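Asker: Okay, here's the structure, questions in a sec.
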2 protein chains.
Amino acid sequence: MKDDPLAMSMLFDFYGEVLTEKQKDFFDLYYNRDLSLGEIAENTGITRQGVRDVIVRATQVLRVMEEKLLLVDRYKTIQNGLLEIHDAAASIEAANNHHGGSASIRGYAQRIQELAKQIAEKT
Amino acid sequence: MKDDPLAMSMLFDFYGEVLTEKQKDFFDLYYNRDLSLGEIAENTGITRQGVRDVIVRATQVLRVMEEKLLLVDRYKTIQNGLLEIHDAAASIEAANNHHGGSASIRGYAQRIQELAKQIAEKT
């Protein structure tokens, strides 16, 4: 039943807060810490099927959230755009050095690179 | 009972999809189209109190979503950062023109401005 762990981990990062504590715990153990259903069952004292039901339900909740809000999709678009901005600003900085160098252009180009990084972290 | 319409409208834009159809409709009529509770009651054939209950509940759902996901908060941070990137790139373009002008710097600066606008629209 295991879905792609990276995709699941992104869904969890974006929407994990809407899950119940139990859903969060089991999902985290299964997808982020890579425990098996059997191991989670053993550690928590419920059946393997019970663990499985909780995780399947949690996965459904996260997928429905993404269908409605499209945050993961939007995140990827924004990250790609910010990377392109960052690289363009780095190219400006390099080209400016070749052209003798204006201090103000260098300053703005560096500021854009910083901002692109900061926004990428906050997205 | 009316909350700040602009704040409500932003919450609705971000999380409206998680509401039921009825919650969406009433919320939209009340906050975006500025109908009164009485008018909505008249148009839909339910009591004024019934309309009010639906809207209060919808507002709660949207607020809880924001507490959990902080999308509106994040949105504002990202928009401010993108605006600063856009302005810095415009300043580079202007400074580059003063300095005789490198075509590659101009091209990159224009590209950054375009990207900042595109990302702002997608955020």
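Asker: Tell me the helices (runs of 4 or more DSSP H) entirely within segment B:4-123 that contain at least 1 residues that are of a type in the set (G, A, S) and away from chain A (no Cβ under 11 Å).
Answerer: Qualifying helices (runs of 4 or more DSSP H): B:5-15, B:37-44, B:48-69.
Asker: Another question, if that's okay. Looking only at segment A:1-49, count every residue that is more than 26 Å from B:L69 (Cα to Cα), out of contact with any Gly (no Cβ under 9 Å at 6 or more places or on another chain) and surrounded by fewer than 15 Cβ atoms within 10 Å (Cβ to Cβ) and tell me the total.
Answerer: Qualifying residue count, segment A:1-49: 8.
Asker: Assess whether B:N43 counts as being out of contact with any strand residue (DSSP E or B) (no Cβ under 6 Å at 6 or more places or on another chain) and under 30 Å from A:G101 (Cα atoms).
Answerer: Taking the combined requirement at face value, the residue does not satisfy it.
Asker: Being farther than 30 Å from A:I112 by Cα and of a type in the set (S, T, N, Q) is the filter here, so list the residues in segment B:50-85 that pass it.
Answerer: B:T59, B:Q60
Asker: Out of A:H86, A:H98, which single residue is surrounded by 14 or more Cβ atoms within 10 Å (Cβ to Cβ) and closer than 28 Å to B:I85 by Cβ?
Answerer: Exactly one residue qualifies, and that residue is A:H86.
Where a number appears in this text, it was derived from the coordinates with a stated rule and is not lab data. Since this is a predicted model, take the numbers as computed values, not measurements. Here the Cβ is made from the backbone with ideal geometry for all residues, glycine too, and neighbour counts use every protein chain on show.
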